[in-house]
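Nothing in this text is a laboratory measurement; each read-out follows from the coordinates by a stated rule. These numbers were taken from a predicted model, which means no experiment stands behind them. No Cβ is skipped: glycine too gets one built from the backbone with ideal geometry, and neighbour counts run over all protein chains shown.
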């Protein structure tokens, strides 16, 4: 007997919190896959640290989503008992780790955004979200620094590392557009001063990124076609596999306390 | 985590060295003084400690693998974060220990290469598989519990950097041990299925954990030298007995059965365990444990696949240094 999916009443606020929680959990999970397998012990430590920050952010956001929903869901039900079509994360964060360059480029793209995003969200009229933002911003600033330093090292390191870093940028670029898109429900939250408009951050995000990429002697693609769908539960094939692993205990042993 | 084989000191070679310095060295040890990296020490002392500390470091790093096997499958977000933090702590222990070993004159790279080449040992316990979530609780409870028994005396080890590293490591291990026990308490208060999972894990880990303390005193060699140098303060059997005596009541509290029908309590209150299967222990040390090949393959894969990253970091550092020198010259 496997545990069934829960139903979530996705009001704009619940959906908002779930989307950010899913981003943080899925990226944290991906990074945690490196633990014990990184290129050097310092990176086993660093990637685990970043994963822990993100899982921590996810827990707060899930708890807030559950509270906003006001039914009997909680952080674990939201994380472990929704299927791939109910997950709301960005396509970017579910992309496989690939090599170290791909992991760090994914991190750079996300953290350069998250750092700006959470800093702006500190002014949210929603006190809980403002508090989560204040904590997340401090963490994201460190994640961005870590990823930037690595991209510069890889880009300006050896021919091989340069080629791998460039390939990772080219591979992941099409997943960055989704970070800046909002739907009608989220737009209402923006008007109410609860959320901020991520579209307004794109210029600064691009500047941060361009500076790093330039110092790394790498280039950003000209291609501006962007993949979308994660926010509405239309994911890549990768997410289902990730969830089947992440959720295996809760699905196999329903309703138990761990 | 921990490595056994503490009792394998090099033969005392002081006869070949300056007898006066050697006598002074021993006098400092006898006076419970700490030996520091720049102090004179017998070559065999250096070699013994390099081996022991590096084996201990390798054990921490290889020990990340069996528990890491459950990070992506931990049953709740709280457990996932706690397990990830725990495995990260083990990595941190590995790092301090390599740093402590480096103070004796070998580089981390050399030490790691010896491990990857199969020339250096790590604790036999990590060659067993983690099959269920209860294994994560059991490892915290028993493997970290055994590690603490072994490592508390090492906080007073004569070699300063090792002793100091152990103080911090022991604090974290004791937290891990409580965390593991708390997983077991939760399972044992849970469903029949969960309780059975806990008992099954105890059944599989009990004997390998007892082996962590190393061979019985009757067959150990070189213990005397390590004892004289105050690297080792208790014998393998003494530590093993202390561990068993501390653990039996914990198992009773959980309502679990130690998988040793012959176990009895003597008049002094000690729990006397049955004969350990030392053939299994020797086989695991010889590379024939259930996971030896997998563990080594995983470490080699991480090392090989990470080579280009380490090369890139080194190349970038060199370029940067060159640019800075050029700038300074302008």
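Using Cα pairs closer than 8 Å and at least 6 residues apart in sequence, work out the relative contact order for the range B:28-186, in percent. All intermediate terms of the calculation are to be shown ahead of the outcome.
Values: 172 pairs, mean separation 46.4, N = 159.
Worked out over the range B:28-186, it gives 29 percent.
Considering the convex hull of the alpha carbon atoms of chain A, report its projected area averaged over all viewing directions, in nm², one decimal. Walk me through the numbers on the way to the answer.
Details: hull surface 53.9 nm².
For chain A, the mean projected area of the Cα convex hull comes to 13.5 nm².
Out of B:138, B:130, B:76, any idea which swings most in a Gaussian network model of chain B, alpha carbons joined below 10 Å?
Evaluated over chain B, the most mobile residue of the options is B:76.
Give the average, rounded to an integer, of partner chain Cβ atoms located within 10 angstrom of each Cβ in A:50-60.
Mean partner shielding for this stretch: 3.
As a test of the formula, what do you get for the protein assembly as shown when each DSSP H run with n ≥ 4 contributes -39,500 (n - 2.57) and the sum is divided by the residue count, at 222 nm and rounded to the nearest 500 deg cm²/dmol?
-20000 deg cm²/dmol
What average count of beta carbons from other chains do you get within 10 Å of the Cβ of residues in A:150-163? All intermediate terms of the calculation are to be shown ahead of the outcome.
Working: counts 4, 0, 2, 9, 6, 2, 5, 12, 8, 2, 6, 8, 2, 1.
Average neighbour count from other chains, rounded to a whole number: 5.
Provide the FRET efficiency to the nearest 0.05 for the residue B:326-residue A:42 pair, computing r from the beta carbons and using R0 = 22 Å.
0.20
By count of other Cβ within 10 Å, fewest leading, how are B:60, B:311 ordered?
Exposure proxy ranking, most exposed first: B:311, B:60.
Using a 10 Å cut-off around each Cβ, can you sort B:157, B:188, B:91 from fewest to most neighbouring Cβ atoms?
B:188, B:91, B:157
Where does helix A:41-69 land angle-wise versus the long Cα axis of chain A, in degrees 0 to 90, nearest 10?
30
Hey, got the average number of other protein chain Cβ atoms within 10 angstrom for residues in B:301-308?
5
If we restrict to alpha carbons, what Rg and Dmax does the protein assembly as shown come to, in Å?
Cα radius of gyration and Dmax of the protein assembly as shown are 26.6, 85 Å respectively.
Among A:249, A:40, B:211, which comes first, second and so on when ranked by fewest other beta-carbon atoms within 10 Å?
Numbers: A:249 21, A:40 18, B:211 24.
Least crowded to most crowded, the residues run A:40, A:249, B:211.
If each of residue A:131 and residue B:28 carries a label point 7 Å out from its Cα toward its Cβ, how far apart are those two points in nm?
5.4
Over 20 Å apart: what share of the alpha carbon pairs of the range A:170-258 falls there, rounded to a whole percent?
Counting pairs separated by more than 20 Å, the tail of P(r) holds 58 percent.
Any chance you could give the angle, 0 to 90 degrees and rounded to 10, that helix A:202-215 forms with the longest Cα principal axis of chain A?
Between the helix axis and the principal axis of chain A, the angle is about 40 degrees.
What is the ratio of the Cα radius of gyration of the range A:207-258 to 2.2 N^0.38 Å, where N is its residue count, to two decimals?
So the Cα radius of gyration is 1.95 times the expected 2.2 N^0.38 Å.
At what distance in nm do the modelled label points of residue B:278 and residue B:189 sit from each other, each positioned 7 Å from its Cα along Cα→Cβ?
So the two model labels end up 4.3 nm from each other.
Once the Cα atoms of helix A:12-32 and of chain A are each reduced to a long axis, what angle between those two axes, in degrees from 0 to 90 to the nearest 10, is obtained?
That works out to roughly 50 degrees.
Mind putting together the pair-distance distribution for the range B:271-330? All Cα pairs, 10 Å bins, whole percent per bin, short to long.
Percent of pairs per bin, in order: 18, 20, 18, 15, 13, 10, 5, 1.
Apply 1/(1 + (r/R0)^6) to the Cβ-Cβ distance of residue B:171 and residue B:252, taking R0 = 35 Å, and write down the FRET efficiency to the nearest 0.05.
0.80
Please express the shape of the range B:44-140 as an equivalent ellipsoid: the semi-axes are the square roots of 5 times the eigenvalues of the C-alpha gyration tensor, given largest first in whole angstrom.
29, 13, 10
What is the ratio of the Cα radius of gyration of chain B to 2.2 N^0.38 Å, where N is its residue count, to two decimals?
Relative to the rule-of-thumb radius for its length, chain B sits at 1.08.
Can you give me the relative contact order of the range B:245-310 as a percent, contacts being Cα pairs under 8 Å and 6 or more apart? The partial results should precede the final answer.
Numbers: 24 pairs, mean separation 10.6, N = 66.
So the answer I get is 16 percent.
Taking the Cα-to-Cβ direction at residue B:263 and at residue B:19 and moving 7 Å from each Cα, how far apart do the two end points lie in nm?
About 5.2 nm, to one decimal.
Could you give the radius of gyration (one decimal) and Dmax (whole number) of the Cα atoms in the range A:104-184, in Å?
Here Rg and the maximum Cα pair distance are 15.1, 49 Å.
Just want to confirm a number: the relative contact order over chain A, from Cα pairs under 8 angstrom separated by 6+ residues, in percent.
After rounding, I find 26 percent.
Where a ≥ b ≥ c are the square roots of the eigenvalues of the C-alpha gyration tensor, would you call the range A:93-245 rounded, which needs a/c under 1.5, or, failing that, prolate if a/b is larger than b/c, or oblate?
On the way: a/c = 1.87, a/b = 1.47, b/c = 1.27.
Prolate, since a/c reaches 1.5 and a/b exceeds b/c.
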